[in-house]
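The values are calculated or read from the model by the stated rules, or taken from the named source; none is laboratory data. Quick caveat, the model's predicted, so the values are computed rather than measured. Here the Cβ is made from the backbone with ideal geometry for all residues, glycine too, and neighbour counts use every protein chain on show. For the accessible areas, the whole protein counts, side chains as well, though only heavy atoms, and no ligand, DNA or RNA atoms are used. Shrake-Rupley method; radii C 1.70, N 1.55, O 1.52, S 1.80 Å.
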Amino acid sequence: QVQLVESGGGLVQPGDSLRLSCTASGSTFSDYVVGWFRQAPGKEREFVAASMRRSQTYYADSVKGRFTISRGNIKTTVWLQMDTLKPEDTAVYYCGVGRMVLSSIRDSNMYYYWGQGTQVTVSS
């Protein structure tokens, strides 16, 4: 069993930055794909970014060039650096872990464990 806790969300203005963290207990991230997803009110959960086990990274087109996913050296933390935030980035952000092939990383059903989420609000 892996427990995940997200933190770092908040209320920011357009153009600001935030750094989200996802911390694991019960296991490390070494053997898992780690993904960040987000869900806005009335919308389905959508893929944001993923880090494969060998640290290859992949992003949704909507965040490419603005968001960066990275793994910590202690292997129990993954970060999502979010720069140049836009109002459309407003959502609850979740991290999830699973074991899957590259073609499945955008499918939230492929992730076994999820955190409780952290709210990100971008508003002027």
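Determine if the range 84-94 includes at least one residue that is part of a helix (DSSP H, G or I) and open to solvent by 20 Å² or more (accessible area, probe 1.4 Å). Yes, the range 84-94 contains a residue that is part of a helix (DSSP H, G or I) and open to solvent by 20 Å² or more (accessible area, probe 1.4 Å). Could you list, in sequence order, the residues of the range 74-83 that are in a strand (DSSP E or B) and more than 12 Å from the chain's Cα centre (by Cα)? Selection gives nothing. Confirm whether Ala60 is small (Gly, Ala, Ser), in contact with a Leu (Cβ under 8 Å, 6 or more places away or on another chain) and open to solvent by less than 20 Å² (accessible area, probe 1.4 Å). Answer is no for this residue.
For Thr121, the conditions (1) outside any loop (DSSP other than H, G, I, E, B); (2) closer than 18 Å to Leu4 by Cα; (3) open to solvent by less than 60 Å² (accessible area, probe 1.4 Å) are fulfilled apart from (2). Among the candidates Gln13, Gln1, the residue that is of a type outside the set (Phe, Trp, Tyr) and closer than 30 Å to Ser123 by Cα is uniquely Gln13. Among residues of the range 97-111 being in contact with a Phe, Trp or Tyr (Cβ under 7 Å, 6 or more places away or on another chain) and open to solvent by less than 20 Å² (accessible area, probe 1.4 Å), the one that is farthest from Gln3 (Cα to Cα) is Ile105.
Going by what's in this entry, would Lys75 be described as touching a residue at least 40 places away in the same chain (Cβ under 8 Å), closer than 13 Å to Val33 by Cα and among the basic types (Lys, Arg)? Yes: the conditions hold for Lys75. Just one of the listed residues (Tyr93, Tyr59, Tyr32) is at pLDDT below 95 and either of a type outside the set (Gly, Ala, Ser) or under 13 Å from the mean Cα position of the chain (by Cα) (or both), namely Tyr32.
Per the conditions (1) modelled with pLDDT under 95; (2) out of contact with any Asp or Glu (no Cβ under 9 Å at 6 or more places or on another chain), the sole criterion not satisfied by Arg53 is (2).
Every listed requirement among (1) open to solvent by 40 Å² or more (accessible area, probe 1.4 Å); (2) within 11 Å of the chain's Cα centre (by Cα) is met by Ser51 save one, (1).
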